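Q: First, the structure itself, so that you have it in front of you.
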Amino acid sequence: MKQAKLEVVFWLLLCGGVACRSVSLGEISPGETSAANLFSVEWATPLVAPGFFEYEPTEFAAPWVDTERGRIYTYTRDGVVRAISAEDGKVLWASKPMGKSFAGPTVEGKLLYIPAGDGTVRALYAEDGDKRAGEGWQAGQEKWVVEMGEEWVTRPVVAGGKLLMVSQTDGLFALEAETGQRLWQHKRKQPAGFTIRGAFLPAVLGSTIYQGFSDGSLLALNLEDGEVLWEKNTSPSGGTAFLDLDSGAVFSADGALLYVASYKDGLFAIATQTGDFIWTQRLNAATYVGLRGDLLLTAGGFGISAHSTENGARVWNTPVLTPRPPTAKRRKPMEDGANSGRLPTIYGRWLIVPTSGDVGFFDIVSGKPMGYWNPGQGVSATPAVWNNHVYVLSNLGHLYALKMVRWSS
């Protein structure tokens, strides 16, 4: 009887404290939408104990999936990096505290790269070494650490044997991935006005890095030595505030174009070789751009939208639920200006959007909301996806494995 009661309580938690019911796609509305018919919770692992007087705990760093080893890596607000089994949620190893970070880790080969909250960059071994081959290290052991004195706001990117790091103060740094040796850096002068917290994730195509900055500039740089190949301004309307280019970039299938979205002036298709603008589409408050087939997906202060890759024409636009207190009994209605919160992720035909409150599941083709879920205290970190699973780190510091059961392709 006790176990049955616990299961009921857990199910009510999954459904936001209200009764769940199955609805058809055509019936879905903001007041009725539930995520209960989209997935089942395969496991849940609490990682961080609540702190004293911690009013609104928040986890910003996105989990990382190690597909080679079947592990999920998390970097939580207690400053600890953990390796977690994707199969059952068991914590395999945990690091010493390294300070709270806003950026998650990246794994490449045998090393896990950490944008540490103490201003350093660290490389940890992802698994035990082979002692028979003279590899005496243990999983989670530090291989190297570099003092940088920077606040990191994106995960590291590994390309061409180099580790690319971006700081909140508009610095792009290249380190040798194997040793941590500093190779080159590009520092940009920040604008005089307000900027959006966050930074552009380095986008690499061949031997070229494409990097955006808070003054709205987009640079193409040589991966080898950081030489600037071309520079364009994606905030041509000018001013001093909120010029940021933080969206990251996606490339066309042939690599001839890249797509970015600046916060102030909108969506751009740009020739990768020359930096020439192919088309532009007005769009305010964009912080993310993704690609699914021939649709460009954007998110930001306006909600989420989809645009044609051919000319940027809007296909659909959907406001996103505003964050609400987890204890609220009734969901707030959709309204213009709702914020999509943190960066979304794409899974099959869904755009999965953390809002700091609920996680929203949206159909990519139509923009229709398919469901919402709040594990308690909301979600700020971008979920990770692998096979038919979505891994969600809640603001309470609990990691959930959601097994998706509908519309996975």
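Q: Could you go through the stretch 189-204 and let me know if any residue there is in a strand (DSSP E or B) and open to solvent by less than 30 Å² (accessible area, probe 1.4 Å).
A: For the stretch 189-204, residues in a strand (DSSP E or B) and open to solvent by less than 30 Å² (accessible area, probe 1.4 Å): present.
Q: Suppose we keep only residues that are assigned to a strand (DSSP E or B) and open to solvent by 30 Å² or more (accessible area, probe 1.4 Å) within the stretch 66-119. Which one would you say is nearest to residue 47 (Cα to Cα)?
A: Among residues in the stretch 66-119 that are assigned to a strand (DSSP E or B) and open to solvent by 30 Å² or more (accessible area, probe 1.4 Å), the one nearest to residue 47 (Cα to Cα) is 91.
Q: Filter the stretch 54-65 down to residues that are open to solvent by 10 Å² or more (accessible area, probe 1.4 Å), among the hydrophobic types (A, V, I, L, M, F, W, C) and within 17 Å of residue 100 (Cα to Cα) and give me whichever is modelled with the lowest pLDDT.
A: Out of the qualifying residues, it is 60.
Q: Take residue 225 and tell me if it is closer than 24 Å to residue 342 by Cα and among the charged types (D, E, K, R).
A: no
Q: Given 80, 91, 107, which one is over 17 Å from residue 49 (Cα atoms) and not polar (S, T, N, Q)?
A: Matching residue, one of 80, 91, 107: 107.
Q: Continuing with the same structure: Considering only residues that are in a loop (DSSP other than H, G, I, E, B), open to solvent by 10 Å² or more (accessible area, probe 1.4 Å) and either touching a strand residue (DSSP E or B) at 6+ places or on another chain (Cβ under 7 Å) or over 19 Å from residue 293 (Cα atoms) (or both), which ones fall in the stretch 345-357?
A: 349, 356 - these are the residues of the stretch 345-357 that are in a loop (DSSP other than H, G, I, E, B), open to solvent by 10 Å² or more (accessible area, probe 1.4 Å) and either touching a strand residue (DSSP E or B) at 6+ places or on another chain (Cβ under 7 Å) or over 19 Å from residue 293 (Cα atoms) (or both).
Q: From the list 151, 135, 147, exactly one residue is touching a strand residue (DSSP E or B) at 6+ places or on another chain (Cβ under 8 Å) and either of a type in the set (Phe, Trp, Tyr) or over 15 Å from residue 183 (Cα atoms) (or both). Which is it?
A: Going through 151, 135, 147 in turn, the sole match is 151.
Q: Residue 202 fails exactly one of the following numbered conditions: (1) within 19 Å of the chain's Cα centre (by Cα); (2) at pLDDT 95 or above; (3) farther than 29 Å from residue 125 by Cβ. What is the number of that condition?
A: Every listed condition holds for residue 202 apart from (3).
Q: Go through the stretch 227-246 and give me each residue that's open to solvent by 10 Å² or more (accessible area, probe 1.4 Å) and in a loop (DSSP other than H, G, I, E, B).
A: Residues satisfying the conditions are 227, 236, 237, 238, 239, 240, 241, 242, 243, 246.
Q: I need a count of the residues in the stretch 146-188 that are β-branched (Val, Ile, Thr), open to solvent by 50 Å² or more (accessible area, probe 1.4 Å) and modelled with pLDDT of 95 or more.
A: Selection size over the stretch 146-188: 1.
Q: Now a separate question. Among the listed residues 299, 261, which satisfies the condition of being closer than 20 Å to residue 242 by Cβ, modelled with pLDDT under 95 and either part of a loop (DSSP other than H, G, I, E, B) or open to solvent by less than 20 Å² (accessible area, probe 1.4 Å) (or both)?
A: 299
The values are calculated or read from the model by the stated rules, or taken from the named source; none is laboratory data. Note that the structure is predicted; figures quoted are calculated from it, not measured. FYI the Cβ positions are ideal-geometry reconstructions off the backbone, even for glycines, and counts take in every protein chain you see. With ligands, DNA and RNA removed, areas are computed over all heavy atoms of the protein, side chains included. Shrake-Rupley method; radii C 1.70, N 1.55, O 1.52, S 1.80 Å.
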